1. Answer with yes or no whether B:Gln77 is more than 17 Å from B:Ser136 (Cα to Cα), facing chain A (nearest Cβ under 9 Å) and assigned to a helix (DSSP H, G or I).
2. Run B:Val189 past the list (1) within 14 Å of chain A (Cβ to nearest Cβ); (2) more than 15 Å from the chain's Cα centre (by Cα) and report the number of the one that doesn't hold.
3. For region B:115-128, does any single residue satisfy the condition of being at negative phi, in contact (Cβ under 8 Å) with a residue 12 or more places away in the chain and hydroxyl-bearing (Ser, Thr, Tyr)?
4. In the list A:Ala236, A:Ala322, which residue meets the criterion of being closer than 26 Å to A:Trp113 by Cα, surrounded by fewer than 20 Cβ atoms within 10 Å (Cβ to Cβ) and without any contact (Cβ under 8 Å) to a residue 12 or more places away in the chain?
5. Looking only at region A:200-219, decide whether some residue is assigned to a loop (DSSP other than H, G, I, E, B) and within 14 Å of chain B (Cβ to nearest Cβ).
6. Residue by residue through region B:90-121, note down the ones that are in a strand (DSSP E or B), at the interface with chain A (Cβ under 7 Å from one of its Cβ atoms) and over 20 Å from A:Gly272 (Cα atoms).
7. Name every residue in region A:43-61 that is more than 14 Å from A:Val190 (Cα to Cα) and in a helix (DSSP H, G or I), in order of residue number.
8. Do we find that B:Val205 is touching a strand residue (DSSP E or B) at 6+ places or on another chain (Cβ under 8 Å), within 17 Å of B:Gln93 (Cα to Cα) and β-branched (Val, Ile, Thr) in this structure?
Amino acid sequence: MTPARWSLGPALAVLAVTGVLAFGLSLSLGAAWVSPARWLGEPGLERELVWVWRAPRVAAAFFVGACLSLAGLLFQGVFRNPLAEPYLLGSAAGAGLGAAIALLLPQLLPPAWSLPVMAFLGAWGASWLVLAVGRIGGAWQSARLLLAGVALAAILSALRGLLLMVFGDESTNLRAIVSWQLGGVQTPAVAEVLGFGPWLLLLGWAAWRLAPGLDALGLGDAAAQSLGHRVPRLVAGAVLLAALATALAVSWGGLIGFVGLIVPHVLRWWLGPLHGPLVPACMVAGGVLMVLVDTVARSSMAPSEIPAGLLTAVIGGPFFLALLLWRQDRS
Amino acid sequence: MNSADRFCSEPLLAFGGVEVRIGTKALLSDLTLTVPRCGLFGLVGPNGAGKSTFVRAALGLQALSRGEVRLCGRRLQDWRPREQARQVGYVPQHIHSHWDLTVRELLQLALAPPSAELLHDFELEHLLARRFNTLSGGEQARAAIARTMAHQPALLLADEPAAHLDLPHQHALLRLLQACATRSAVVIVLHDLHLAARYCDQVAVMAQGRLLRHGPPDAVLDDTTLARAYEEPLMRIPIPAQSFFTVPLLETPP
């Protein structure tokens, strides 16, 4: 017998409560502790600090985590491989290269748009390249897909390094680029956060619409086709969405690994493998996780910040290994 | 047992002069064949005969070099995928789920919720909470066919579903498909000629991408046709009141 799985309602309720606590903690913690009574109370400097500076940052962390988790879930669904995630498949490296071009060569595109657009083009191009290599001969080769992703990620990372060497100097804020590569959530303006919200909802809705197709894809291409899904269109749609989510996450959070791998995994154990409930649950859980990670990143060594990408790897890696061992014991 | 009178006259699936080529190799050559609206229709023949290509072509997954496939009189490419899915169910050769689905979750992927009667007929009630990938071959086949039959498609295509089952489970599965074939057309790819002779209402013998013969098994599975299909002399051993076993007449080693 398999352990009883939770349905979406109670799971979302648990995640919502955790999210509220995480948001509260994150708004209070930072270089200086501001108690909830102050940021909820009378207007003042501390209240302004929290709502103008911390709140957009917390929201941005949530968006980055939600996008990374969604991208991981979609890639795992399309590639039918639990190891697939934006990092491993070269998608994040593609976004990273695109973003590095935008940062190093601001004359190419208007600066406000260049970062997300170039990140998206990089993520999308890399995903398609991996997909094309994985499908050579007409049939999916899961191992070949992953190897292609790993190789492409290495090539794109090397290209990014080369660009930094050739074009990077103090005048092109090299330090900021290196810090961005290590992963760290940006502090956006309130208006930017409000503009980002509908995009996130749109992404989630589109992914949720693809969920039955991704479920069917788990039974094989022919079975999915026999259930009425146009497999090439389904794959193209899911890769496009995943690349978009990766690009948005990379634009606002730099290169942050592990979130896209861990969150869908843990939720699959918790809720089961059907994508319908997994899409909203992954987005909320990924967002909440990233809010917590970002809180630790900016408050544990304040006023300095620990790169969030380092934290997710240092904490997420062992946590994931422990979970794997625990599940092995139970089974 | 066979009951040719169960057959309806109007064809459900019709292959007209179908040719499938990959490079210079012909996987199907000038194949013209009709499948009636109900009954168990067996496809037999040696490896590489084109049986699985036939199934893929019937699903619309195989590009045709020539000819056409019609479902209910309409060309396959004129069907919308959703409409076609309502008419045609498919059980693949290797039944496997990439994800750790329970049987209940697998059945949620069906185009209609499975009825209590269906769960009873396929003996799945006690398996609903089990993981699909940990079931025995027979249980997996039952669950996979139940998922496909939940919305009662007009045609079920099953590509060697009995291949990995032991003898009792092979017969149990064929009886189950025979029951499905009272309401739908069931096309099943088989290697076991005994099963084909015993359970199928009609049989098509294929070899090297061509249709050699088709019709009721008693009339079609004769020594000459089988020897031609398998390019080897075969001997049929009759089983009283049932069908026959077929064994190759191997040369005695020197």
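FYI, it's all coordinate maths here, none of it is from the lab. Here the structure is a predicted model, which means the values were calculated and not measured. Note that we place each Cβ from the backbone using ideal geometry, even for glycine, and neighbour counts take in every protein chain shown.
1. So B:Gln77 fails the test.
2. If we test B:Val189 against (1) within 14 Å of chain A (Cβ to nearest Cβ); (2) more than 15 Å from the chain's Cα centre (by Cα), just (2) comes out false.
3. yes
4. Selected residue: A:Ala236, the only one of A:Ala236, A:Ala322 that is closer than 26 Å to A:Trp113 by Cα, surrounded by fewer than 20 Cβ atoms within 10 Å (Cβ to Cβ) and without any contact (Cβ under 8 Å) to a residue 12 or more places away in the chain.
5. yes
6. B:Tyr90
7. A:Leu45, A:Glu46, A:Arg47, listed by residue number.
8. no
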